[in-house]
1. Give me the number: length gained by fully extending Ile91 to Lys138, i.e. 0.36 nm times residue separation minus the C-alpha to C-alpha distance, one decimal in nm.
2. Dipole magnitude of the stretch 83-157 about its Cα centre, charges +1 at Lys/Arg Cβ and -1 at Asp/Glu Cβ only, in debye to the nearest 20?
3. Please state the equivalent ellipsoid semi-axes for the stretch 83-157: what are the square roots of 5 times the Cα gyration tensor eigenvalues, largest first, in whole Å?
4. Let me know the whole percent of all Cα-Cα pairs from the chain that are separated by more than 25 Å.
5. Report the gain in length on full extension from Glu84 to Cys37: 0.36 nm times residue separation, minus Cα-Cα distance, nm rounded to one decimal.
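Every number here is computed from the coordinates shown, using simple stated rules; none is lab data. Just so it is clear, the model here is predicted, and its values are computed rather than measured. Every residue, glycine among them, receives a Cβ derived from its backbone with ideal geometry; neighbour counts consider all protein chains shown.
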Amino acid sequence: MAIYELKVTHGFNDGAPNKRVAAMANIPSTTFPSLICRMIKKGLIERTSSGGGGDDGGATTSSIKITELGMEQVDPIDIPTSNEEAQQKIIEKLKGTKPRRIFDYLSDGKPHRKVDIMVAVDCTNPSTFAPMMSRELKKHGYIEYPEKGMVQLTDLCFPFGRDN
C-alpha cells in the first residue's frame, strides 16, 4: 500500500526509496528486509535503483517498485486525496500527544523556530524535546531542518504540494 501511495501521490513511478516506504508503512528496519524479500518472491514488488532524489543527498538509492500483480492487490480507497488526508494518516501513526501537537503546529509547511515549537507544545526541556523530535518525526522523514534552529515538515507531508 505504501509503495502504491508513493507512486500515486508522490510520483515515484520508477521506484520509491526503501527508507520512505519503511517510514510510511511504519515497518521496523529489522523486519523490513525479510518482508521485502517475501513480497519480491510473490511478484508483488521488484527492486530498482534510482539516481538522485533520495534521502542521502542525491546518490543512487535502493528503491522498490510495485508490479502489476502488486497493483491488483491494493485497495485505492485508502489513498489520500488531499494534503489534509495525508497528514491525518501521519498523525494517526505518531505515538504520543506532543509529537502530534508538533506535527499540527508545523502543518502550515513553513519553517518554524524550535524554541517557538517547544513553547507551543509545552515541552521546553531540550533534553526531552530533541529526542522526541528525532524518534517520532525525523526518523520517519516527516521533518527537516532548513537552517540552524528551524524546523519544517518535509515534502512527504505535502503530496499535493505545499500550496494545496
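1. Details: separation 47, 0.36 × 47 = 16.92 nm, distance 1.37 nm.
Difference between extended and current length: 15.6 nm.
2. On the way: 13 positive and 11 negative charges, 73 e Å.
Computed about the Cα centre, the dipole is about 360 debye.
3. On the way: eigenvalues 61, 38, 24 Å².
Gyration-tensor ellipsoid for the stretch 83-157: 17, 14, 11 Å.
4. Values: 4573 of 13366 pairs.
Within the chain, distances greater than 25 Å cover 34 percent of Cα pairs.
5. Working: separation 47, 0.36 × 47 = 16.92 nm, distance 3.29 nm.
Going from the current span to full extension adds 13.6 nm.
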